Amino acid sequence: MTIEQAVHRLTGELADWYQIDAGHLRMGDRADLVIVDPARLDESLDSYNEQLVEQYGGLSRMVNRNDDTVTRCACRRRAVFLKGQPTEVLGTQRTGSFLRADTTTPAPTGLRPSRFPPPSSRRAGWPMR
């Protein structure tokens, strides 16, 4: 399976199955951003790791991940994960909402594509705000 097919299986196919208006790139839709380093999609993702979850009283949970694989994650145009570390936004600011199956949930208002720099001005390392 290609990386593109895997992403579609985790986004578009699930959105279509649950009949939610998400999971596809379309003008005007909500979109979160996850940047993945394809070179890091390796056997390290299969290793067993545990992480304590403060919100659950320090409960230990199993996680499969390599923090170098996801280099950036942004929700509603705010970086929540950069360079393997959560930002101050994560857990302190609301960045998303629950999407109910078989229900249309409009994208948040006031977030227009024009607020991002045009593609010609983007460069590697461009900061997400």
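The values are calculated or read from the model by the stated rules, or taken from the named source; none is laboratory data. All of these numbers come straight from a predicted model, not from anything done at the bench. Cβ atoms come from the backbone with ideal geometry, glycine included; neighbour counts cover every protein chain shown. When the accessible area is computed, the model is the full protein with side chains, heavy atoms only, and any ligands, DNA or RNA have been set aside. Shrake-Rupley method; radii C 1.70, N 1.55, O 1.52, S 1.80 Å.
Considering (1) open to solvent by 50 Å² or more (accessible area, probe 1.4 Å); (2) within 25 Å of A6 (Cα to Cα); (3) at pLDDT below 80; (4) not in a loop (DSSP other than H, G, I, E, B), the lone condition that L45 does not fulfil carries the number (1).
One line per residue, one yes/no per condition, for (1) in a strand (DSSP E or B); (2) surrounded by 12 or more Cβ atoms within 10 Å (Cβ to Cβ); (3) at pLDDT below 85:
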residue: A15; (1), (2), (3): no, yes, no
residue: A31; (1), (2), (3): no, yes, yes
residue: I35; (1), (2), (3): yes, yes, no
residue: A39; (1), (2), (3): no, no, no
residue: E50; (1), (2), (3): yes, no, no
residue: Q55; (1), (2), (3): no, no, yes
residue: A74; (1), (2), (3): yes, yes, no
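Annotation note: Cβ proximity below 9 Å between a residue of region 34-51 that is within 17 Å of C73 (Cα to Cα) and a residue that is open to solvent by 50 Å² or more (accessible area, probe 1.4 Å) and assigned to a helix (DSSP H, G or I) (sequence gap 6+ or interchain) occurs for V34/V7; V36/I3; V36/V7; P38/I3; L41/I3.
The residue pairs whose first member lies in region 1-19 and is β-branched (V, I, T), whose second member is open to solvent by 100 Å² or more (accessible area, probe 1.4 Å) and not in a helix (DSSP H, G or I), and whose beta carbons are closer than 7 Å, counting only pairs six or more residues apart or on different chains, do not exist in this structure. Just so you know, in region 57-72 the residues that are open to solvent by 90 Å² or more (accessible area, probe 1.4 Å) and in a strand (DSSP E or B) include one that is farthest from G84 (Cα to Cα), and it is L59.
Checking R61, R30, R26 one by one, the residue that is touching a residue at least 60 places away in the same chain (Cβ under 8 Å) and not aliphatic (A, V, I, L, M) is R30 and no other. Within region 78-92, at least one residue is touching a Leu at 6+ places or on another chain (Cβ under 8 Å), without any contact (Cβ under 8 Å) to a residue 60 or more places away in the chain and not polar (S, T, N, Q).
L90 meets each of the listed conditions (1) among the aliphatic types (A, V, I, L, M); (2) more than 30 Å from Q19 (Cβ to Cβ); (3) modelled with pLDDT of 80 or more; (4) in a loop (DSSP other than H, G, I, E, B) apart from (2).
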